[in-house]
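For reference, the structure is listed below as C-alpha cells.
The values are calculated or read from the model by the stated rules, or taken from the named source; none is laboratory data. If you're wondering where the values come from, they're calculated on a predicted model, not measured in any experiment. Neighbour counts are summed over all protein chains in view; Cβ atoms, including those assigned to glycine, are modelled from backbone coordinates with ideal geometry. Side chains included, ligands, DNA and RNA excluded: accessible areas come from the protein's heavy atoms. Shrake-Rupley method; radii C 1.70, N 1.55, O 1.52, S 1.80 Å.
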Amino acid sequence: MTNSAIIALAAAIAIAVSTIAPAIAQGLTAKSAMESIARQPDAAKDIRSTLIIALALMEALTIYGLLIAFMLISKI
C-alpha cells in the first residue's frame, strides 16, 4: 500500500469510529431521557436542558473526528 492509501484508510476509520460511537451514545441518552420524562413529567424542563447539553458534548466528538479526517486528507 502506498502512503496516500494508508492515510485515506486512516481518515475513513477516524470518521467511522467518531460517528458510530457518539450515535449509539446519543440514542441511549435520548431513550433514558424520554423514560425519565415519562416517569416524572414535572421535571421535563430540567431533564430536557441537561439532555441538550449532553447531546452537544457527544456531537463534539464527531466533529473532532471529522477535523482529524480533514487533517489526514490534507496530507495526501
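A few remarks follow.
- Within segment 51-76, the set of residues being hydroxyl-bearing (Ser, Thr, Tyr) and out of contact with any helix residue (DSSP H, G or I) (no Cβ under 8 Å at 6 or more places or on another chain) comprises Ser74 only.
- If the condition is being part of a helix (DSSP H, G or I), open to solvent by 100 Å² or more (accessible area, probe 1.4 Å) and either at pLDDT 95 or above or farther than 30 Å from Ala8 by Cα (or both), then segment 29-72 contributes Lys31, Met34, Arg39, Asp42, Lys45, Asp46, Arg48, Ile52, Ile53.
- Evaluation of Ile76 against the conditions (1) β-branched (Val, Ile, Thr); (2) open to solvent by 100 Å² or more (accessible area, probe 1.4 Å); (3) part of a helix (DSSP H, G or I) shows that the sole unmet condition is (3).
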